[in-house]
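So the structure is just underneath, and the comments pick up after that.
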Amino acid sequence: MIKVIKYVWLDILQNRIVLAYTVFLLVVSATLFGMETNPSKGLMSLLNIVLMVVPLISLIFTTIHFYNSYEFIELLLAQPINRSKLLLSEFAGVASSLVTAFLVGVGGPVLYYAPGATGAALLAAGVALTLVFVALAFLASVCTRDKAKGIGLALLIWFYFGLLYDGLVLTILFTFSDYPLEKAMLVLTTLNPVDLARIFIMLQMDVSALMGFTGALYQEFFGSALGSLYALGVMGVWIVVPIWAAVRVFCKKDL
Amino acid sequence: MITVTNLQKSYGRLKVLDNLSVQLNAGQAVSLIGPNGSGKTTFIKSILGMVMPDGGEISFLGEPIHNGWQYRQQIGYMPQIGRYPDTMKIRQVFAMIKDLRQSTLGKNALLQLDEDLIEAFELPKLYDKTMRSLSGGTRQKVSACLAFLFNPNVLIMDEPTAGLDPLAAELLKAKILREKAKGKLILITSHVMSDLDELTTAVMYLQDGQLQFFTEVDQLKADTGEEKLGRAIAAIMTKERKSERVKERLTH
């Protein structure tokens, strides 16, 4: 398995997109911190970039990489190599390179300008989001044979979690505003990794007062050690379930 | 060596393999013949575990291959269209496959390499070319070399001579004959009957995903009274067409 990961890395290093992604993150983070005199304001702006850009790049890069590796996969499957291990190696290779890019690109500036608990939370959330969306992209790619459809599906996933979902939640909030919805909001949050990451970081920033009554509930729940563990656990589920489903689909796929 | 029982596969509504059963033994050299779209490549890919059958079973040396992968140590496969990572050089492709194979073996076992064909095709001269820049024929040569490289007991070749120049085709055929003499199982699909006539000793004829017959080449020639495999097959195909027409007329 390690051998396969090695070849996935070699391939990723060759096309330099991950390198460009690292540089992009580095420039954006450094600029944001440079513009704000208060580092926690810088973190706040960075948060919004991370929540949008990291899922998008993870989804698109993974999908394109998967379709471009089709020949590689086909070649290896005629060899004595386990299918599920092959896909897991692909996942490990892609995920580890994107995580490295994120840790260098965002982690470097954060450690330099704003070291502390909030920065650590931002990095943890970014890494978790990368893993979640790489896993979802693998699932989308193994389910579709056509490259254009695969990328379309990946974009749809991004629109859904990044934009549509919040709209849906707002609609629910307005429609049922006569009822106590705090518990329901807690559940709805866990159904979207992006929201989960946002709240997880915001609570570290002490801006939850801005979030009203629900915010207080979040503070009570996620602010505790148990709440943080819960958030991490849910992220874990968001990583494991899609990749498990992707392996299952891939093992039954015709090449 | 390979036992296939009641193999079934459909793509949507199209039945590609329909209750196919066959037994292939070591020492046999089998031609897999059939019209276009009769399920030859699907059959081969099922044996390799690249296509997942809807029903039936394939066993390799008595073991069902279901989701297994170890058995592929013993199969050399030459695909109809070899597809390789574009940016890799020929040298890198060979090195990678050797490296991965070695890692499946464990530390003490050494790979038994058979680089005859690489020498014969003079591939070392082209080692630094990327796969993207290769012509179709050279790609075929790389595929052929990979199929033989690990000295497998079973060779499965999908249209091996298509796209090769006459010299390369002869070299490849000579190599196949040498391996056949060692008592390996060889399964070849081709539309070039003269090649199959030289190389194989049995014929497996597929039509619409069904096995029409599996006979020794000599037997087939005797039955049809033809001296060449191509003519013998043609005779059978025309006979079938006629009987189909008769059937159609009877049903109308």
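Can you say whether residue A:137 is among the hydrophobic types (A, V, I, L, M, F, W, C), crowded, with 19+ Cβ neighbours inside 10 Å and without any contact (Cβ under 8 Å) to a residue 24 or more places away in the chain, as far as the supplied structure shows? It would help to see each step written out before you state the result.
On the way: among the hydrophobic types (A, V, I, L, M, F, W, C): yes; crowded, with 19+ Cβ neighbours inside 10 Å: yes; without any contact (Cβ under 8 Å) to a residue 24 or more places away in the chain: no.
Against the criterion (among the hydrophobic types (A, V, I, L, M, F, W, C), crowded, with 19+ Cβ neighbours inside 10 Å and without any contact (Cβ under 8 Å) to a residue 24 or more places away in the chain), residue A:137 does not qualify.
Here's the yes/no breakdown for (1) among the polar types (S, T, N, Q); (2) modelled with pLDDT of 90 or more; (3) closer than 17 Å to residue A:78 by Cα:
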| site | (1), (2), (3) |
| --- | --- |
| B:19 | yes, yes, no |
| B:31 | yes, yes, no |
| B:36 | yes, no, no |
| B:42 | yes, yes, yes |
| B:75 | no, yes, yes |
| B:82 | no, no, yes |
| B:90 | no, yes, no |
| B:97 | no, yes, yes |
Whichever residue in region B:73-96 is buried (at least 19 other Cβ atoms within 10 Å of the Cβ) and among the β-branched types (Val, Ile, Thr) and, among such residues, is farthest from the other protein chains (Cβ to nearest Cβ): B:90
Region B:198-227 residues that are under 24 Å from residue B:174 (Cα atoms), paired with ones that are exposed (fewer than 13 other Cβ atoms within 10 Å of the Cβ) (beta carbon under 7 Å, 6 or more apart): B:221/B:227
First in region B:62-87 and on the phi < 0 side of the Ramachandran plot, second anywhere and aromatic (Phe, Trp, Tyr) and part of a helix (DSSP H, G or I), Cβ under 6 Å, 6 or more apart: B:65/B:71; B:76/B:148; B:85/A:72
Qualifying positions in region A:42-86 - touching a Pro at 6+ places or on another chain (Cβ under 9 Å) and more than 14 Å from every other protein chain (Cβ to nearest Cβ): A:42, A:46, A:55
Sole exception among (1) more than 17 Å from residue B:118 (Cα to Cα); (2) touching a residue at least 40 places away in the same chain (Cβ under 8 Å); (3) out of contact with any Lys or Arg (no Cβ under 6 Å at 6 or more places or on another chain) for residue B:153, by number: (3)
Count of region A:151-185 residues which are touching a Pro at 6+ places or on another chain (Cβ under 8 Å) and either farther than 25 Å from residue A:65 by Cβ or of a type in the set (Ser, Thr, Tyr) (or both): 0
Residue list for region B:97-128, restricted to those being over 23 Å from the mean Cα position of the chain (by Cα), surrounded by 15 or more Cβ atoms within 10 Å (Cβ to Cβ) and away from every other protein chain (no Cβ under 14 Å): B:126
Per-region count, region B:51-72, residues out of contact with any Lys or Arg (no Cβ under 9 Å at 6 or more places or on another chain) and within 10 Å of chain A (Cβ to nearest Cβ): 4
Among (1) touching a Ser or Thr at 6+ places or on another chain (Cβ under 7 Å); (2) at pLDDT 95 or above - the single one residue A:114 does not satisfy: (2)
When residues of region A:1-21 are limited to those that are more than 15 Å from residue A:95 (Cβ to Cβ) and away from chain B (no Cβ under 14 Å), the one surrounded by the fewest Cβ atoms within 10 Å (Cβ to Cβ): A:20
Number of positions in region A:70-86 that are under 27 Å from the mean Cα position of the chain (by Cα) and in contact (Cβ under 8 Å) with a residue 40 or more places away in the chain: 6
Strands (runs of 3 or more DSSP E) contained in region B:1-100 and holding at least 1 residues in contact with a helix residue (DSSP H, G or I) (Cβ under 7 Å, 6 or more places away or on another chain) and of a type in the set (Phe, Trp, Tyr): B:55-60, B:75-78
Failed criterion for residue B:46 (all others in (1) over 12 Å from the mean Cα position of the chain (by Cα); (2) within 13 Å of another protein chain (Cβ to nearest Cβ) hold): (1)
Wholly within region A:76-148, helices (runs of 4 or more DSSP H) carrying at least 3 residues that are within 30 Å of residue B:143 (Cβ to Cβ) and not aliphatic (A, V, I, L, M): A:83-102, A:117-143
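The values are calculated or read from the model by the stated rules, or taken from the named source; none is laboratory data. Worth saying up front: this structure is predicted, and the values here are computed from it rather than measured. Here Cβ is always computed from backbone atoms with ideal geometry, including for glycine, and neighbour counts include all displayed protein chains.
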